[in-house]
Amino acid sequence: MNAPEQNGCDDAGRGQFKSRLGFVLAAAGSAVGLGNLWRFPYLTYKYGGAGEEGGGAGTFVLVYLLCIALVCLPLILAEILVGKRGRRNPVGSFNAIRPGTRWNIVGYMGIATGFLILSYYAVVAGWSIEYTYKSVINEFAGFETAISDSEAAQALGAKLTSERRGIGEARAGDSVWVVDGNPEEFKAKLIAKKAELYPQHLFSQFVANPVKQVGYFLAFMVLTVILVLGGVAGGIERGNKIMMPLLLLMLVVLAIRVLTLDGGGRIIGYLFKPSISTLSWDLVLGAMGQAFFSLSVGMGALLTYGSYLGPKDRIDTSSAAIPAIDSSVALLASIVVCGAIISFGLAMTGSGTGNVFTAIPVIFQSIPGGRWLVVLFYLLVTIAALTSTISLLEVVASYMIDERKMKRTEAVLISAAAISAVGILCALSFNLLAGYTLFNMTFFDLLDYLCSNILLPVGGILIAVFVGWVMRHDEKRQELACMNPIVYRIWNVLLKFLAPAAILAVLVGQFIFRA
Ligand code: PFF
């Protein structure tokens, strides 16, 4: 690292990371988030099903890792390089490198994407605050009284009757059911079903409450603002230095707990034994889409963090550290979530966002010590989401600081207020505005679709083309002085040909396969 100023600012008065570790942790913090903790486990389960090793989960994980190595890794380095050379926000960096051209559109697109992602991402992030609270007060424990016998019996497919008596009946409270198996076993199943249903009730009740949705969303925005207001070295770097290692530690503790469950070890074969027969176009697209979202590639978040590096900072090795940390967290999260689901034979529900909030409490209730582990888990989700939201807000704020010449406080507060206005509509998409849909999607779904399926991939292609084809070798070499020449060539070829072609396939493919 080049000598930092006392106040963590470079000569242009911009923020600057005080250490390379600070940069790596901040960038990894941006990458690690809800995408790793609910989306990755959800997708591995989606492709792997409740099956055993050798299923689609192993294939999905393999393709995902290949996408990271061949497509996302070159792109990460390209994005950081643009930021480091431009030393500005996404718009300013393109302007600085190719003045007078329209390449700054890529920057504007990135800022718009960051703005939109934050507006819905912070809604889900807000849920993690409520769930940390719910787990502290142990709200999930109230399932026996909160769910009626008949509701649980119905969910189990048992027939309710007040007439027949005799063998094959089970009685709980005032109700009697005709059941096929052993009545005692049925009663145990009934209680287990209640424990499974209750978190789903809590979740639907929670998202249906507009005041809570908006309140938690705004609370999360306030948390994000506080950290971003601290500036680069003060807020973002210090926050990540504490939060990232804590997060990894928490996940390792949870993974060890799950692996030592009865049958917990089966998850290793499930996740790491691919089978060619499960390979499908849809699986490849799913794995690649997840890689982009999870690594925060394509919208200028990494570019912005790269702009806070000094001219002599080495970026090639730092770029490799980001996907390594990100995929480790994703894999650990899958071990925890899928491992527990497989061991317990639980069916995952809903679209995926709900799983972390509905399946996890069930899982941890049946683990000794789970009452506190679940607190740890939701705290972890909150921390991971926070390190991502600060990077999103920083993209928008850095544009206002550099291009609109605003002070940091003013820039952060104005950006956050505008994002909150859009975010409130997202928070209301689950309740008051649930009926307003376009292409069968609520406002929340629509933004998610637009950002992850269209804006991020398009941004990725444009960055690859800019760095691969438009920037000259001498410009790139200046930023990558320490990079091995052979590695540099491989990177350049991947960036010129494979990355744009692969992203284009994702983009076109998802339209073909949605039809
Ligand atoms: N990578 C984050 C996650 O996996 O949760 C989401 C994200 C953050 C995407 C920042 C894009 C971004 F710029």
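The values are calculated or read from the model by the stated rules, or taken from the named source; none is laboratory data. Nothing here was measured: the structure is a model prediction, and the numbers come from that model. FYI the Cβ positions are ideal-geometry reconstructions off the backbone, even for glycines, and counts take in every protein chain you see.
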- Item | Residue satisfying all of: in segment 223-233; surrounded by fewer than 20 Cβ atoms within 10 Å (Cβ to Cβ) and assigned to a helix (DSSP H, G or I); nearest to the chain's Cα centre (by Cα) among these | 223
- Residues satisfying the stated conditions in segment 464-483, i.e. modelled with pLDDT of 95 or more, surrounded by 12 or more Cβ atoms within 10 Å (Cβ to Cβ) and part of a loop (DSSP other than H, G, I, E, B): 471
- Message: Go through segment 58-82 and report how many residues are among the small types (Gly, Ala, Ser) and farther than 23 Å from residue 478 by Cα.
- Response: 2
- Message: Need the failing condition index for residue 454 against (1) at pLDDT 95 or above; (2) surrounded by fewer than 20 Cβ atoms within 10 Å (Cβ to Cβ); (3) among the β-branched types (Val, Ile, Thr); (4) within 30 Å of residue 204 (Cα to Cα), just the number.
- Response: (1)
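Residue-wise test of (1) closer than 18 Å to residue 301 by Cβ; (2) more than 16 Å from the ligand (Cβ to nearest atom); (3) not hydrophobic (A, V, I, L, M, F, W, C).
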residue: 434; (1), (2), (3): no, yes, no
residue: 437; (1), (2), (3): no, yes, yes
residue: 451; (1), (2), (3): yes, no, no
residue: 460; (1), (2), (3): yes, no, yes
residue: 465; (1), (2), (3): no, yes, no
residue: 476; (1), (2), (3): no, yes, yes
residue: 505; (1), (2), (3): no, yes, no
- Note on the structure: Only one of 92, 110 is touching a residue at least 60 places away in the same chain (Cβ under 8 Å) and within 13 Å of the ligand (Cβ to nearest atom), namely 110
- Query: When you go through (1) away from the ligand (no atom under 16 Å from the Cβ); (2) buried (at least 24 other Cβ atoms within 10 Å of the Cβ); (3) at pLDDT below 95 one by one for residue 412, which number turns out not to apply?
  - Reply: (3)
- Task: State whether one or more residues within segment 213-222 are under 19 Å from residue 328 (Cβ atoms) and in a helix (DSSP H, G or I).
- Result: no
- Task: Sort out for me the helices (runs of 4 or more DSSP H) sitting completely within segment 234-349 that have 2 or more residues that are within 14 Å of the ligand (Cβ to nearest atom) and not polar (S, T, N, Q).
- Result: 238-259, 281-294, 301-306, 316-344
- Subset of segment 38-60 that is modelled with pLDDT of 90 or more and closer than 16 Å to residue 293 by Cβ - its residue that is nearest to the ligand (Cβ to nearest atom): 40
